[in-house]
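Reviewing the structure listed below.
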Amino acid sequence: MAPPEMGDPESSESRVEQALATLRTLHPKKIDLGLGRIQSVLAKLGHPEQKMPPIIHVAGTNGKGSTIANLRAMAEAAGLKPHVYTSPHLVHFRERIVVSGEEIGDDALIDVLTRVREANAGAPLSFFEATTAAAYLAFSESAADVALIEVGLGGRYDATNVIRPTCCAITPIDYDHAEFLGRDLAGIAREKAGIMKAHTPVICGVQSDLVNAVLDAEAQKAKANIKVWGQDYRAFRQHGRLVFEQDEEMLDLPLPALRGEHQIRNAGLSVMVARTMGWSVEATSAGLQKANWPARLQSLTKGLYAEMANEAGAELWLDGGHNPHAARAVANAMAELEQTTERPLILITGILANKDIGGFLDAFEGLASAVIGISIPDHDSLAPETLKELAMSRNMLGFVAGGISEAVQMAINTGEALSRDTTEQDIVPPRILICGSLYLAGEVLKN
């Protein structure tokens, strides 16, 4: 049999996976924070990180991806070609690297991954370090007008932090990744502030008073030009519009395409960055309306699970938030929907074992009627039985399902049963939220 052609999709996908698998063998740890290893391999590659267009570097706990989605849409509305680096991906690794406005192709991805591996010559290099180096290499060899770079973990010692940004943005900071960043919120804020550079504007989103104090102190140390939400700028919803204010400027903008009250704050941060970059009001306005970021309060209307929900008259939502701060934002959005249309809320939840599942579920107490626990394939997720027990201890019904399809059908049945118990009118199909992990979200979007 003749070998598959280079353009064959299955062959390309297989070769990408092989290239990625090889990189995973270069370091015994999945994450090992530090800059020495990536600086070494970038030097061998001719310092591609120094050959990129103006860079916007985004750190924070929640809202990084949404902010970058807004900024990408704004840049494109301004006629600019963006490079974009985000993580993790949902379905295909290619999603992480957008070159000149287009998702990187399989052959181009394999090329840069291979060149990074060869330049590294077998030295220890974490997977994220290797793929970050590959992204910077791809960006350095293609023309673009701006590069949008999302921090992977923390900031100061994150592999992305070998660049000289034109502007930095710091989204809301809260607890997450405690095994790497600890449980000291001030310490977490200091680590994320490590992306600040001298004489560089730093736009900070909504923060607690403690975090604001830390960020201000770190900005002074770094000699960065910090702009703070509520002090230097703000944004809010008014009469179905987004009002943005800074100094003497007030803008009347459309509401963001991304759903949820927390997206008003993400939009405000994005607008402030765009104005700092000198992008026009028209492009900023158009970008807000066009931004797209899957698995962030996404209403699912297509695919296997959406068809199941649609047939039963149920709503199906998807969100990849995986910490208490994100859960509170999503719960608030679900509460807003409940005020508009009352439906039983059923959670289908899969979450990694190292996350604060108690804090996550606390956000939905009194709002969600039931939780259906499931496992996340190929990941160290919390046992569904434990999810069931934790839900029941929070006055929610608890169930266990063997997979997503079974969970969706169970949610439909449970919602209908709850509706029968609480009303003498027609059955009200449930509102189903699949949540707890971006990895789970990726599994959903595959079907």
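Worth a mention:
- Pairs with Cβ under 8 Å, 6+ apart, first in region 235-258 and over 13 Å from Leu288 (Cβ atoms), second among the aliphatic types (A, V, I, L, M): Phe236/Leu242; Phe236/Val243; Phe236/Ile264; Gly240/Leu255; Glu245/Ala235; Glu245/Leu251; Gln246/Met272; Met250/Val243
- Selected residue [of a type in the set (Phe, Trp, Tyr) and under 30 Å from Glu443 (Cα atoms)] from Trp293, Trp229, Trp279: Trp293
- Selected residue (only one of Arg115, Arg94, Arg72 is at pLDDT 95 or above, within 16 Å of Val271 (Cβ to Cβ) and outside any strand (DSSP E or B)): Arg72
- Test: residue in region 16-37 that is crowded, with 22+ Cβ neighbours inside 10 Å and either in contact with a helix residue (DSSP H, G or I) (Cβ under 6 Å, 6 or more places away or on another chain) or assigned to a helix (DSSP H, G or I) (or both): yes
- Ala295 of a type in the set (Gly, Ala, Ser), in contact with a helix residue (DSSP H, G or I) (Cβ under 8 Å, 6 or more places away or on another chain) and within 26 Å of Gly403 (Cα to Cα): yes
- Meets criteria (out of contact with any Leu (no Cβ under 6 Å at 6 or more places or on another chain) and either at pLDDT 95 or above or not basic (Lys, Arg) (or both)) for Tyr175: yes
- Of the residues in region 148-171, at least one is open to solvent by 30 Å² or more (accessible area, probe 1.4 Å), of a type in the set (Lys, Arg) and under 20 Å from the mean Cα position of the chain (by Cα).
- Residues in region 281-305 that are open to solvent by 40 Å² or more (accessible area, probe 1.4 Å) and more than 13 Å from the chain's Cα centre (by Cα): Val281, Glu282, Gln289, Lys290, Ser299, Thr301, Lys302, Leu304.
- Residue within region 398-410 that is touching a residue at least 60 places away in the same chain (Cβ under 8 Å), over 17 Å from Val330 (Cα atoms) and more than 27 Å from the chain's Cα centre (by Cα) present: yes
- Criterion (of a type in the set (Gly, Ala, Ser), crowded, with 22+ Cβ neighbours inside 10 Å and farther than 17 Å from Leu300 by Cα) met by exactly one of Gly436, Gly350: Gly350
- A count restricted to region 353-383 and to residues that are crowded, with 16+ Cβ neighbours inside 10 Å and either under 24 Å from the mean Cα position of the chain (by Cα) or of a type in the set (Lys, Arg) (or both) stands at 17.
- Every residue from region 172-219 that is open to solvent by less than 40 Å² (accessible area, probe 1.4 Å) and of a type in the set (Gly, Ala, Ser): Ala178, Gly182, Ala186, Gly187, Ala189, Ala193, Gly194, Ala198, Gly205, Ala219
- Residue match in region 254-267 (condition: in a helix (DSSP H, G or I), modelled with pLDDT of 95 or more, open to solvent by 50 Å² or more (accessible area, probe 1.4 Å) and closer than 16 Å to Thr67 by Cβ): yes
Yes/no per residue for (1) out of contact with any Gly (no Cβ under 7 Å at 6 or more places or on another chain); (2) among the aliphatic types (A, V, I, L, M):
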{"site": "Gln207", "(1), (2)": "yes, no"}
{"site": "Asp216", "(1), (2)": "yes, no"}
{"site": "Gln220", "(1), (2)": "yes, no"}
{"site": "Lys227", "(1), (2)": "yes, no"}
{"site": "Arg234", "(1), (2)": "no, no"}
{"site": "Asp247", "(1), (2)": "yes, no"}
{"site": "Pro256", "(1), (2)": "yes, no"}
{"site": "Ile264", "(1), (2)": "yes, yes"}
{"site": "Gly268", "(1), (2)": "yes, no"}
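- A single member of Met308, Met272 is hydrophobic (A, V, I, L, M, F, W, C), in contact (Cβ under 8 Å) with a residue 40 or more places away in the chain, in a helix (DSSP H, G or I) and open to solvent by 10 Å² or more (accessible area, probe 1.4 Å), and it is Met308.
- Every pair of residues 6+ apart whose Cβ atoms lie under 6 Å, when the first sits in region 141-163 and is among the hydrophobic types (A, V, I, L, M, F, W, C) while the second is surrounded by 24 or more Cβ atoms within 10 Å (Cβ to Cβ) and assigned to a loop (DSSP other than H, G, I, E, B): Ile149/Thr160; Val151/Asp158; Val151/Thr160
- Filtered residues of region 109-132 (kept if surrounded by fewer than 16 Cβ atoms within 10 Å (Cβ to Cβ) and on the phi < 0 side of the Ramachandran plot): Thr114, Glu118, Ala123, Pro124
The values are calculated or read from the model by the stated rules, or taken from the named source; none is laboratory data. What you see is a predicted model, and the numbers here were worked out from it, not measured in a lab. Here the Cβ is made from the backbone with ideal geometry for all residues, glycine too, and neighbour counts use every protein chain on show. Only protein heavy atoms, including side chains, enter the accessible area calculation; ligands, DNA and RNA are left aside. Shrake-Rupley method; radii C 1.70, N 1.55, O 1.52, S 1.80 Å.
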